[in-house]
1. Among the residues of segment 165-184, write down those that are surrounded by 18 or more Cβ atoms within 10 Å (Cβ to Cβ) and in a helix (DSSP H, G or I).
2. Of everything in segment 132-149, what is in a helix (DSSP H, G or I) and surrounded by 15 or more Cβ atoms within 10 Å (Cβ to Cβ)? Give them in sequence order.
3. Whether any residue in segment 329-338 is modelled with pLDDT under 85, part of a loop (DSSP other than H, G, I, E, B) and within 35 Å of the chain's Cα centre (by Cα) is what I want to check.
4. Among the candidates Ser283, Ser299, which residue alone is at pLDDT below 85 and buried (at least 17 other Cβ atoms within 10 Å of the Cβ)?
5. Filtering segment 116-173 down to residues that are β-branched (Val, Ile, Thr) and within 32 Å of the chain's Cα centre (by Cα), which residue is farthest from Phe51 (Cα to Cα)?
6. Pull out all pairs, ordered by first then second residue, where Cβ-Cβ is under 7 Å, the residues are six or more apart or on different chains, the first lies in segment 134-160 and is on the phi > 0 side of the Ramachandran plot, and the second is at pLDDT below 80 and assigned to a helix (DSSP H, G or I).
7. Looking at (1) over 24 Å from Val86 (Cα atoms); (2) open to solvent by less than 50 Å² (accessible area, probe 1.4 Å), which is the only condition Asn58 fails?
Amino acid sequence: MFLKYITLFSGLNYLIFSSVLLLRQSPVKKANRVLGFLFAMLAVYSIMLSFYYTALLNKNYSHLIYYAPFDLIILFSLGPCLFLYVKVLLGQKVRLNPFNIIIQVLPFIPAVTFIIYFLLQDTQTRLNLLIENFEHGIWHTNLLNLLVYFQMIIYLFLCYKTIQKQFKKSSRILVQKIQIDVSWLRIYVLLNLGFMILSAPLSFYLANEKVNLIIAQLAMVVQFVYLFIKSTWQTEFFPDASITDLKYREGILKISDQVVTDYFKVLMLFMENQKPYLNEDCSIQSISAQTAIPVHHLSNILNHHFEKNFPDFINEFRINEAKKLLSNTHYNKITLEAIGYD
């Protein structure tokens, strides 16, 4: 009965999480939509399992006549969905080309093949497969579970690499003038990756669907509740000091004149020598990371001491660069459009 109630409870929780993320306004609404869709899939998955377990525990096998293991499709969708959430949250481009699509689809082929095989069996054979799998496990589902673990580990590793790429610039992202600390995301991925690696041997040693799914359900509840709380926390669902408007009110950050002067010298030297404004991906986070000037100090200096926001500050350098090119006779044959594009 424990298994029945934990799956039902999980399904209802995921349904609530999905509704909250899909309905509420947020600076990272696009990322929340992806996460909301992921929770919706988890809700369907848990409710399907609750129905499946209840019928098997109560030996109401007639309820399983029309059951098919479509939950496998959901399991194989979790990794890509989580990876997409990380990419969208961090504001990184999602590239879809034929090769990437094929790679994404490949893990689904064994699951779809097994579902077709299952549906082609007569009613009694399907029931026997479900009962045997629940009590002892069958090689079909053991192999599919192995593929799920392998696929999830790969996607978590890709998530980690994506987060590390962002952390080389800054542990904070800028969304609609709101600065969001995403340090928690790396912790979540590492914990999840550790759990997947440690639980895989135990799962295949036991080779019992009942025990394996109790472990999986408990782990999923803990991990995805943490993901929900942290994702909503970081988007102002709860007030948090790590989320701050970049336009600080006067007096919140008191920087001495000497510190301002020192930072400004470092900044101007960097701008003149490195010319980061020629890079279309130039951001306040990247300049902060390369100059070792904290983002909040850099923003405060520009906004309050020089009465400029970051885009205006960068555009001024770009305009001056364009003036130099226009005044240089070497560039007489270059069109204004080309200079503007550069």
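The values are calculated or read from the model by the stated rules, or taken from the named source; none is laboratory data. In this text, all values refer to a predicted model and were calculated from it rather than measured experimentally. Every residue, glycine among them, receives a Cβ derived from its backbone with ideal geometry; neighbour counts consider all protein chains shown. Accessible surface is based on the protein model in full, side chains and every heavy atom, while ligands, DNA and RNA are left aside. Shrake-Rupley method; radii C 1.70, N 1.55, O 1.52, S 1.80 Å.
1. Gln166
2. Answer for segment 132-149, where residues must be in a helix (DSSP H, G or I) and surrounded by 15 or more Cβ atoms within 10 Å (Cβ to Cβ): Asn133, Phe134, His140, Thr141, Asn142, Leu144, Asn145, Leu147, Val148, Tyr149.
3. No: segment 329-338 contains no residue that is modelled with pLDDT under 85, part of a loop (DSSP other than H, G, I, E, B) and within 35 Å of the chain's Cα centre (by Cα).
4. None of the other options fit; the residue is Ser299.
5. My answer is Ile173.
6. Every condition considered, the pairs that remain are Gly137/Glu209.
7. Exception for Asn58: condition (2).
Yes or no, residue by residue, for (1) open to solvent by 20 Å² or more (accessible area, probe 1.4 Å); (2) small (Gly, Ala, Ser); (3) farther than 19 Å from Leu78 by Cβ; (4) modelled with pLDDT of 90 or more:
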{"residue": "Lys4", "(1), (2), (3), (4)": "yes, no, yes, no"}
{"residue": "Thr7", "(1), (2), (3), (4)": "no, no, no, no"}
{"residue": "Tyr14", "(1), (2), (3), (4)": "no, no, no, no"}
{"residue": "Phe17", "(1), (2), (3), (4)": "yes, no, no, no"}
{"residue": "Leu23", "(1), (2), (3), (4)": "yes, no, yes, no"}
{"residue": "Val28", "(1), (2), (3), (4)": "no, no, yes, no"}
{"residue": "Leu38", "(1), (2), (3), (4)": "no, no, no, yes"}
{"residue": "Met41", "(1), (2), (3), (4)": "yes, no, no, yes"}
